[in-house]
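Each remark here refers to the structure printed beneath this line.
The values are calculated or read from the model by the stated rules, or taken from the named source; none is laboratory data. Just so it is clear, the model here is predicted, and its values are computed rather than measured. Here Cβ is always computed from backbone atoms with ideal geometry, including for glycine, and neighbour counts include all displayed protein chains.
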Amino acid sequence: MGIRPKRSHMLSMALTAATVMLGAGGGAYADTLRPLTVVELFTSQGCSSCPPANANLIELSKRPGILALSFGVTYWDRLGWKDIFAKPEYTDRQEVYETPLGRDGPFTPQMVVNGRADVVGNRISEVDQLIKTQGTLSAPRLDLKDRSLTIGEGKAPGGNADIWLVTYNDQTVNVPVRSGENSGHTLPHKNVVHSLTKVGSWSGKPQTVTFPATKPGLRTAVLVQTPNGGPILAAATE
């Protein structure tokens, strides 16, 4: 397991120009989407402990009802190989989870399930147990389609929840690593996150959020999450 010293960051993801419209009621939903379990993997191509976790995430991505997302973090880039998928905002997201999850510092490979609990990502039996324990997310109700998200009525802990827009590649991508701890190996990745953007807040009332078109070849997911690394309340993917 790769561990690095704790480092404080201000979460630097900017609120994009999203259009937020309050709905008049809860009857405008076209579909009831499958309840999901969200599994986030924080990984690095420069971490020798991460390839088994990448393989585990690939297997998890094949299971119905699981939204598996791979976030490349930046703090192993100094070891000789710069992760081509890593972004500072993904490192920030992992660090925000530290206090709620009772961690002294970020590590790889870390899997976080539903924003509520975590485990070392290369221990598949522990991952499976955590998924079983955490279950699926179903409230509030979400309808995601055609660059629009409709959120139903529900309870927002503390009065509000963040709405995160995620774009990711659901194809397997093989990356040859030429230096660092994984030098000479080709690492498969799947469901690699390409962008993570806060597009609004949900207060518990019915609401619709619209957002720009996703780049060709990428899929869209939405997470409704308690602020500051708290539990994910609901998730949907197109």
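From the list S183, S195, S201, which residue is within 18 Å of the chain's Cα centre (by Cα) and within 21 Å of T43 (Cα to Cα)?
S195
Can you name every residue in segment 191-215 that is modelled with pLDDT of 95 or more, part of a loop (DSSP other than H, G, I, E, B) and either over 27 Å from P100 (Cβ atoms) or among the aromatic types (F, W, Y) (or both)? The answer is P206, and nothing else. As a summary of the residue check, Q110 satisfies the conditions (1) out of contact with any helix residue (DSSP H, G or I) (no Cβ under 6 Å at 6 or more places or on another chain); (2) of a type outside the set (S, T, Y); (3) at pLDDT below 95 except for the one numbered (3). Restricting segment 77-91 to residues that are buried (at least 17 other Cβ atoms within 10 Å of the Cβ) and touching a strand residue (DSSP E or B) at 6+ places or on another chain (Cβ under 9 Å) leaves a set whose member that is farthest from G229 (Cα to Cα) is D83. Just one of the listed residues (L142, L137, L130) is touching a residue at least 24 places away in the same chain (Cβ under 8 Å) and out of contact with any Gly (no Cβ under 8 Å at 6 or more places or on another chain), namely L137. Give me a count of the residues in segment 176-190 that are among the hydrophobic types (A, V, I, L, M, F, W, C) and either surrounded by fewer than 17 Cβ atoms within 10 Å (Cβ to Cβ) or at pLDDT below 95 (or both). The number of residues fulfilling the criteria is 0. Per the listing R63, R34, the residue uniquely surrounded by fewer than 16 Cβ atoms within 10 Å (Cβ to Cβ), within 30 Å of E153 (Cα to Cα) and modelled with pLDDT under 95 is R34. Looking only at residues in segment 106-143 that are surrounded by fewer than 19 Cβ atoms within 10 Å (Cβ to Cβ) and closer than 24 Å to G46 by Cβ, which one is nearest to the chain's Cα centre (by Cα)? If we take residues in segment 106-143 being surrounded by fewer than 19 Cβ atoms within 10 Å (Cβ to Cβ) and closer than 24 Å to G46 by Cβ, then V120 is nearest to the chain's Cα centre (by Cα). Among the residues making up segment 146-185, those that are in contact (Cβ under 8 Å) with a residue 24 or more places away in the chain, outside any loop (DSSP other than H, G, I, E, B) and either β-branched (V, I, T) or at positive phi (or both) are T150, I151, G158, G159, I163, V166, T167, V175. Sub-9 Å Cβ pairs linking a first residue in segment 80-98 that is touching a residue at least 24 places away in the same chain (Cβ under 8 Å) and more than 24 Å from P188 (Cβ to Cβ) to a second residue that is part of a loop (DSSP other than H, G, I, E, B) and of a type in the set (D, E, K, R), at least 6 apart or interchain, are E95/K6; E95/R7; Y97/R103; E98/K6; E98/D104, ordered by first then second residue.
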